[in-house]
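Peer 1: One structure coming up, written as structure tokens, with questions to follow.
Each value in this text was obtained by applying a stated rule to the coordinates, not by laboratory testing. Keep in mind it's a predicted model, so treat the numbers as computed, not measured. Using ideal geometry, Cβ is built from the backbone for each residue, glycine included, and neighbour counts are taken over all protein chains shown.
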Amino acid sequence: ALLGLAAPAHAQYPEHVSCAAEAEFDIDNKMPHGKVNGCMRALSEQRAAILLPSAHAEIERVPADHSLRRHAWGFVDQNGQLAVTPRFDEVRDFHNGRAAVKQRGKWGFIDARGRVVVPARYDAVEDYVSIGLALVTSGNDRHLVDRQGKPVGEPFGADIKELKIGEGTPALAWMIFHETLHRDDGMS
């Protein structure tokens, strides 16, 4: 039953006291009222994100006061066996063979075995789409990277306010540009 519950936002951060949260779902979501487990997420590509004591902290140093300090995110497989040791500050679900992971304030990606395939060096990332590309942001630069983290094409310009890459082949891209006013002579 725990595999079908999504993590509330407060469970993403280990300094909070509890993974349990009050849930108010309407009838369309077909979820019961009451407590939900925010320490474990639903399966995505045979992996479920789970918040456990960090693999980097000795078990004797994990707080006994039920707080989540020194806990980290990892993944279990569809049988509930640990598949990726808990060592990440924050994680997203697997999409197209990669999961976004956050360490020391930066985002990168891992594969299903937990190997870092794109080092955590980005300020923000989007999930990989089916054509094997992800949108990443570092500072003001946004660009696409392949499944190994190599840039594809030129960075997107500062005139783009919002960009989303969709699923499918070819992948659709949605762009919203910043509004600018131009003079008659072409200058902004």
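Peer 1: Compute the distance in nm between two label points, each set 7 Å from the Cα along the Cα-to-Cβ direction, one at THR85 and one at ALA112.
Peer 2: Here the modelled spin labels are 2.2 nm apart.
Peer 1: Which number do you get for Rg(Cα) / (2.2 N^0.38 Å) in segment 59-184?
Peer 2: My calculation over the Cα atoms of segment 59-184 gives 1.29.
Peer 1: Radius of gyration and Dmax for segment 91-132's Cα atoms, expressed in Å?
Peer 2: Gyration radius and largest Cα-Cα distance of segment 91-132: 9.3, 29 Å.
Peer 1: Need one number: the % of Cα-Cα pairs in segment 129-188 sitting beyond the 16 Å mark.
Peer 2: Value for segment 129-188: 53 percent of Cα pairs lie more than 16 Å apart.
Peer 1: Let me ask something else. Count charges around GLY166 for me, please; just the other residues with Cβ under 15 Å from its Cβ, Lys/Arg as +1, Asp/Glu as -1.
Peer 2: -3
Peer 1: May I pose another question? On full extension of the chain, what length is gained from GLN46 through ILE160, given 0.36 nm per residue of separation minus the C-alpha to C-alpha distance?
Peer 2: 37.5 nm
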